[in-house]
Amino acid sequence: MKRGVIALAALVFLAACQDEVQIAKPAAMVLSPEAAGHYCQMTVLEHTGPKAQIHLTGNPFPFWFTQVRDAVAFKHSPEEPKNIAAIYVNDMDRAKSWEEPGFDNWIEAEAAWFVVESKQAGGMGAPETIPFGTEKGANDFAEANGGQVLRFADIPVEYVLAPVELSSATQIGVGDASETQQ
């Protein structure tokens, strides 16, 4: 009986230790020409604006997104997996331009500042959640292009899951409110 109690105590202790084990967060991957958007299956590099990648536990390859908005929608969608290990987004503070958001300038989504409801549409023509590594970068962009600055956890679920009218979306260059294309 004493051995049974000791064995049970050891099992409880081991189970408690397992709960405390931290799984290492996967590193962001460099964007390559082979990357295809999770929802559209189009080549990610064919689209302008910031991109995102989501890593799931147990999967060595990330899901790529042609718009950051789609990655935020993935996180909140009840139909998508919830075993998210990491979400990375382009840091637009370090982007060359809207047309060249970068291949390796990733930042964790939780660390980024986002501009939502600006007049800048994303690479697929839908309203975008535009990530910046600094609050100043996000505020400067919002001042020039409209919108509000939020943290990742504060992006309204309705903003990313609501249907959008793509024909009314306008696109302008980052930091250049004077260039408008229809």
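The values are calculated or read from the model by the stated rules, or taken from the named source; none is laboratory data. Keep in mind the model is a prediction, meaning the values are calculated, not measured. When we count neighbours, we look across all protein chains shown, and the Cβ atoms used for this are built from the backbone with ideal geometry, even at glycine.
List of remarks:
- Close pairs from the stretch 31-44: first under 16 Å from PRO101 (Cα atoms), partner crowded, with 19+ Cβ neighbours inside 10 Å and polar (S, T, N, Q), Cβ under 6 Å, at least 6 apart: GLY37/THR66; VAL44/THR66
- Any hit, the stretch 150-159, residues being under 26 Å from LEU45 (Cβ atoms) and either aromatic (Phe, Trp, Tyr) or in contact with a Leu (Cβ under 7 Å, 6 or more places away or on another chain) (or both): yes
- Counting only residues that are within 18 Å of LYS25 (Cβ to Cβ), more than 13 Å from the chain's Cα centre (by Cα) and of a type in the set (Ser, Thr, Tyr), the stretch 76-122 holds 0 of them.
- Count of residues meeting criterion [in a strand (DSSP E or B) and aliphatic (A, V, I, L, M)] in the stretch 110-124: 3
- Per the conditions (1) hydrophobic (A, V, I, L, M, F, W, C); (2) surrounded by fewer than 16 Cβ atoms within 10 Å (Cβ to Cβ); (3) within 13 Å of the chain's Cα centre (by Cα), the sole criterion not satisfied by PHE61 is (3).
- Breaking point among (1) farther than 30 Å from GLY58 by Cβ; (2) in contact with a strand residue (DSSP E or B) (Cβ under 9 Å, 6 or more places away or on another chain); (3) at pLDDT 95 or above, for LEU166: (3)
- Residues that are in contact with a helix residue (DSSP H, G or I) (Cβ under 9 Å, 6 or more places away or on another chain) and among the aromatic types (Phe, Trp, Tyr) were ranked within the stretch 96-133; the one that is surrounded by the fewest Cβ atoms within 10 Å (Cβ to Cβ) is PHE103.
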